[in-house]
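Chemist: Dumping the structure here so I can ask a few things about it.
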Amino acid sequence: MSSGDIVEAFRQAETLVTQRRPLEALRVLEPVLDTASDKPSVQLLLGRAYLFSAQLHRAERAFARVIELDPSDHYARLVLGRTLQRQGRLDEAQTQIRLAATMYPDPAYQEMLGEINARIAVNGNGNGNGNGNGNGNG
């Protein structure tokens, strides 16, 4: 695949993720991953596609890889935090969202931090949601 084809596939995958068609985006990303898997932008898009398709552990790995490649990526920390939150891992989520909000003091980030702080306060701990299964479907 030529570099132009890689760029085109990446852009197509971005569009598909934006359109909430993550499984199609994952298919389009396959050849991109073969040649550019260590690029933070590729891992971030991969993580978003996994997150939107509820493949939370895979999303977590992709976002963690972005942070490994670029520790200053506040958005990767934010979406990693949201991914951890969806898994019921509130303490870990709070840490990542707090870091993101510190790195990038945006009102939306502050709001997400407030939400996770409130959820932890209501639950009494950060490792679940009070119903014993940690997924909110108790």
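No value in this document is a laboratory result; all are computed from the given coordinates. On a predicted model such as this, the values are computed, not experimentally measured, just so you know. Cβ atoms come from the backbone with ideal geometry, glycine included; neighbour counts cover every protein chain shown.
Chemist: Tell me, what is the FRET efficiency for ALA121 and ARG61 to the nearest 0.05, using R0 = 22 angstrom and their Cβ-Cβ distance as r?
Modeler: 0.15
Chemist: Ok, one more. Per residue of region 66-82, what does 6.51 cos²θ - 1.76 cosθ + 1.60 with θ = phi - 60° give for ³J(HN,Hα)? Whole Hz please, x for Gly and Pro, Karplus curve as stated.
Modeler: With the stated coefficients, region 66-82 comes to 4, 5, 4, 6, 9, x, 8, 7, 5, 5, 4, 5, 4, 6, 4, x, 5 Hz.
Chemist: Sort region 1-89 into rounded, prolate or oblate with this rule: let a ≥ b ≥ c be the square roots of the eigenvalues of the Cα gyration tensor; rounded if a/c is under 1.5, and if a/c is not under 1.5, prolate when a/b is larger than b/c, oblate otherwise. Don't jump to the answer; show the numbers that get you there.
Modeler: On the way: a/c = 2.27, a/b = 1.44, b/c = 1.58.
Verdict is oblate for region 1-89.
Chemist: Can you give me the angle between helix 40-52 and the longest principal axis of the chain, using Cα atoms only, in degrees from 0 to 90, rounded to the nearest 10?
Modeler: Tilt relative to the chain: about 60 degrees.
Chemist: Next up: Quick one: helix 22-36 against the long Cα principal axis of the chain, what's the angle to the nearest 10°, folded into 0 to 90?
Modeler: The answer is roughly 60 degrees.
Chemist: Can you tell me the orientation of helix 90-103 relative to the chain, as the angle in degrees between its alpha-carbon axis and the longest Cα principal axis, to the nearest 10?
Modeler: The angle comes out at about 70 degrees.
Chemist: Which Cα, out of LEU84, PRO107, PRO40, lies furthest along the positive dipole direction of region 1-128 (beta carbon charges, K/R +1, D/E -1)?
Modeler: LEU84
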